[in-house]
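Each value in this text was obtained by applying a stated rule to the coordinates, not by laboratory testing. Computed from a predicted model, the values in this text were never measured in an experiment. As a convention, Cβ positions derive from the backbone with ideal geometry for all residues, glycine included, and neighbour counts pool all protein chains shown.
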Amino acid sequence: MSASLEAIAKKRGIKYFLISYTDLFGVQRAKLVPAQAIDKMAEDGAGFAGFATWLDMSPADPDVFAKPDPDSLIQLPWKPEVGWLAADPWMNGAPVEHAPRNTLKRLVAEAAAKGYAVKTGVECEFFLTTPDGRAVCDQADRQMKPCYDQSALMRQYDIITEIGDAMLALGWKPYQSDHEDANGQFEMNWAFDDALLTADRHAFFKYMARSIAEKHGLRATFMPKPFIDLTGSGCHAHVSLWQGETNVFEDPDGELGISKIGYQFLGGIMHSAEALTAIFNPTVNSYKRINAPRTTSGATWAPNAITYTGNNRTHLIRIPEGNRFEIRLADGAANPYLLQAGIIAAGLDGLENARDPGPRLDINMYTEGHTVGDAKRLPLNLLDALRALGASDIMKQRLGAVVPSYLKLKGEEWNAYSRHLTDWERENTLDC
């Protein structure tokens with residue numbers, strides 16, 4: 001983008017800009033900048049105290065300067081006087097190595113140096129709830145199998161179409177929205193693109209969905225499992241690898257239409273899946289989704305083992321057709337930038353080491369998974385996942401400074417959770 005942001009603001013009627021960066025926990029941090037000051041801010045960055053956010057810094061560290069990416073500009077459809085800009089944290093004149101967007105940009109560049117571009121699409125599932133988050137928003141949404149419920153979908157028409165209209169106006173090419181498998185749960189889909197652009201849009205989508213839901217007096221939550229008896233919210237990622245205009249995953253002669261390169265990339269994901277779980281499923285609550293008993297609908301729709309398959313939704317990776325595969329592990333809490341970074345890191349490792357994913361399984365993992373003795377199981381909780389990430393030389397090398405910072409902060413989160421005494425413990429062990 002060659003024109004100054006101030007000039008663009010005058011042309012589009014933008015009065016203020018949100019300079020926004022995403023920290024290690026996926027929280028978006030921002031400063032609101034008047035349009036008259038934006039060009040100077042674009043050059044120098046907006047100042048933040050890094051310790052005040054989840055960036056693994058101390059109060060003694062100097063300011064973090066979030067430098068906005070002009071190409072990421074999104075004018076808020078519901079408040080067009082405001083422009084949103086994804087920003088990259090800098091400190092001491094250099095990019096913050098463990099900042100999620102910086103990490104993703106480095107891995108995108110690494111793939112590009114090898115002649116590849118990773119393209120992805122994400123399926124964002126979320127619940128619409130009461131403002132306190134304790135109940136689904138629609139008391140009439142009670143079906144045991146509510147997926148694709150036309151009436152429940154249309155009762156939320158105003159919210160869903162406002163978000164859809166926004167995506168249309170932004171040029172994201174949304175193509176469908178539906179009521180998902182849980183009561184009060186929805187999914188909205190837009191076109192796949194380069195991994196960095198998908199991550200920026202993913203981050204903005206979460207902010208947009210929450211903002212529009214609030215405007216309508218409701219709450220949009222991407223919490224993986226807000227209701228224990230209902231299906232959790234996933235964030236399935238569809239992945240393909242490109243050289244120029246050619247999708248190198250495609251091979252009409254390959255098994256299921258996938259090339260040898262495609263299977264090696266897939267093999268890299270499989271090889272590092274235990275470590276990736278810590279990133280793709282980043283909260284204590286995440287493990288109530290991927291290691292859950294069946295829900296009221298009859299299935300969790302989440303993986304429980306490290307397996308892949310064809311068009312079968314009970315596995316960690318599904319190959320729906322011969323141009324991509326779908327990673328079904330990640331949930332709604334996944335950091336948009338670390339999700340993409342993890343995919344690229346593991347995929348490049350798969351290519352460099354010709355990782356073999358082994359034979360695919362075409363069984364129903366929910367009913368027959370116990371018959372597969374050699375299939376690795378996913379971590380049972382956040383602590384196990386963090387230990388797997390800490391033991392992964394591949395992830396430590398590929399993701400770099402993210403890993404020690406992430407392990408430190410998430411370890412503190414686990415310890416805080418462990419200090420919490422639940423009502424279940426009192427009810428079941430008070431008289432032990």
Computed over segment 63-131: relative contact order in percent, which uses C-alpha pairs under 8 Å that are six or more apart: 21
Relative contact order of segment 226-366, pairs being alpha-carbon contacts under 8 Å that are 6 or more residues apart, as %: 35
Enumerate the calculated ³J(HN,Hα) couplings along segment 289-296 in order (Karplus 6.51 cos²θ - 1.76 cosθ + 1.60, θ = phi - 60°), each rounded to whole Hz, writing x wherever the residue is Gly or Pro. 9, 7, 10, 9, x, 4, 9, 5
GNM of the chain, Cα pairs under 10 angstrom: of A111, A30, A416, the biggest fluctuation goes to A416
Residue with peak Gaussian network fluctuation, the chain [Cα springs, cutoff 10 Å], from L351, L380, L421: L421
As an exercise, use a Förster radius of 56 Å and the Cβ-Cβ distance of N428 and E245 to find the FRET efficiency, rounded to the nearest 0.05. 0.40
Compactness of segment 86-173 - radius of gyration and Dmax, Cα, Å: 20.1, 56
If you place +1 on the Cβ of every Lys and Arg, -1 on the Cβ of every Asp and Glu, and leave all else neutral, what size is the dipole of segment 1-101 about its Cα centre, to the nearest 20 Debye? 560
Could you please report the charge total around D349, scoring K, R as +1 and D, E as -1 over all other residues with beta-carbon less than 9 angstrom from its beta-carbon? +1
Most fluctuating residue of P68, P320, P226 in a GNM of the chain with Cα springs under 10 Å: which is it? P320
Please work out whether segment 19-152 counts as rounded, prolate or oblate from its C-alpha gyration tensor, where a ≥ b ≥ c are the square roots of the eigenvalues and a/c under 1.5 means rounded, while otherwise a/b larger than b/c means prolate and anything else oblate? prolate
For the cross-link pairs K10/K119; K11/K114; K376/K408, which exceed 29 Å when the distance is taken from alpha carbon to alpha carbon? K10/K119; K11/K114
Can you pull out the trypsin sites (Lys or Arg not before Pro) in segment 107-171 whose DSSP state is coil and whose Cβ has at most 16 other Cβ atoms within 10 Å? K114, R134, R142
Kirkwood hydrodynamic radius of the chain, from inverse mean 1/r over distinct Cα pairs, in Å: 22.5
Identify the residues of segment 295-310 with backbone N under 11 Å of a label point that sits 7 angstrom from the Cα of D362 along the Cα-to-Cβ direction, or state none. 310
Compute the signed sum of charges (Lys and Arg +1, Asp and Glu -1) over the other residues within less than 13 Å, Cβ to Cβ, of S211. +3
Under the definition of Cα pairs under 8 Å and six or more residues apart, what whole-number percent is the relative contact order of the chain? 15
Do me a favour and compute the ellipsoid semi-axes for segment 303-368 from its Cα gyration tensor, root of five times each eigenvalue, largest one first, whole Å. 21, 16, 11
Report the gain in length on full extension from M144 to K260: 0.36 nm times residue separation, minus Cα-Cα distance, nm rounded to one decimal. 37.6 nm
Around E321, under 13 Å between beta carbons, what's the net of Lys plus Arg minus Asp minus Glu among the other residues? -2
How much length would be gained if the chain were fully extended between K114 and K408, taking 0.36 nm per residue of separation minus their Cα-Cα distance, in nm to one decimal? 102.6 nm
